[in-house]
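The values are calculated or read from the model by the stated rules, or taken from the named source; none is laboratory data. What you see is a predicted model; the values in this text were computed from it and never measured. Cβ placement follows ideal geometry from the backbone for every residue including glycine, while neighbour counts extend to all protein chains displayed.
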Amino acid sequence: MMEAIRQSECFPLATASESGMPNVVPIKFVFIESPDEIWLVDNFFLKSRHNLQENPVAALYVYQPDDGLCFQLKGAVELRESGEKYARMRALVHQTRPDLPARSLVVMRISAIYQCMPGAGAGERIG
């Protein structure tokens, strides 16, 4: 699964407002910090940022059809705009895209992983 994250180039990120209004945006920068922590980069979040402030949970969709992998990561998130992790995230982004703002770091602590491939196991919790 971690290799699928490293190889993917676009990730749908789902959030919801406090009242439950959903929002999904494509993001490019996702970094694996540890097996249970991933970093998401806020370059241009508007509704997503507001949702994460109101309701700090999210879901990230990962799809690698060539490898037959499709899964969803869910977890609590924390927004960071300073500190050592934030500085490391900005450096990682600016190595390849110095033109991007890398406004904030979204630290996601993975609490559940679900299978998304069609078939008998679709929707089952796998982690």
Q: Can you tell me which residue within the stretch 46-68, out of those that are at pLDDT 95 or above and polar (S, T, N, Q), is nearest to ALA112 (Cα to Cα)?
A: ASN55
Q. Given SER19, SER34, which one is of a type in the set (Ser, Thr, Tyr), closer than 19 Å to LYS85 by Cα and modelled with pLDDT of 95 or more?
A. SER34
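Conditions tested, residue by residue: (1) of a type in the set (A, V, I, L, M); (2) more than 17 Å from VAL93 (Cβ to Cβ); (3) touching a helix residue (DSSP H, G or I) at 6+ places or on another chain (Cβ under 9 Å); (4) buried (at least 16 other Cβ atoms within 10 Å of the Cβ).
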site: ILE27; (1), (2), (3), (4): yes, no, yes, yes
site: PHE31; (1), (2), (3), (4): no, no, yes, yes
site: TRP39; (1), (2), (3), (4): no, no, yes, yes
site: PHE44; (1), (2), (3), (4): no, no, no, no
site: HIS50; (1), (2), (3), (4): no, yes, no, no
site: GLU54; (1), (2), (3), (4): no, yes, no, no
site: PHE71; (1), (2), (3), (4): no, yes, yes, yes
Q. Just checking, which of ILE27, ILE5 is within 14 Å of ILE110 (Cβ to Cβ) and either at pLDDT 95 or above or under 12 Å from the mean Cα position of the chain (by Cα) (or both)?
A. ILE5
Q.
Anything in the stretch 88-105 that is small (Gly, Ala, Ser) and out of contact with any strand residue (DSSP E or B) (no Cβ under 9 Å at 6 or more places or on another chain)? List them, or say none.
A. ALA91
Q.
Tell me the residue from ALA122, ALA112 that is surrounded by fewer than 17 Cβ atoms within 10 Å (Cβ to Cβ), modelled with pLDDT of 95 or more and of a type in the set (A, V, I, L, M, F, W, C), please.
A. ALA112
Q: Tell me, please, whether a residue that is farther than 29 Å from GLY121 by Cβ and either out of contact with any strand residue (DSSP E or B) (no Cβ under 9 Å at 6 or more places or on another chain) or surrounded by 15 or more Cβ atoms within 10 Å (Cβ to Cβ) (or both) can be found in the stretch 58-69.
A: no
Q) Which pairs do you get when a residue that is under 11 Å from PRO101 (Cα atoms) and among the charged types (D, E, K, R), found in the stretch 35-48, comes within reach of a residue that is part of a loop (DSSP other than H, G, I, E, B) and at pLDDT 95 or above, reach meaning Cβ atoms under 8 angstrom, with the pair 6+ apart or on two chains? A) ASP42/ALA102; ASP42/ARG103
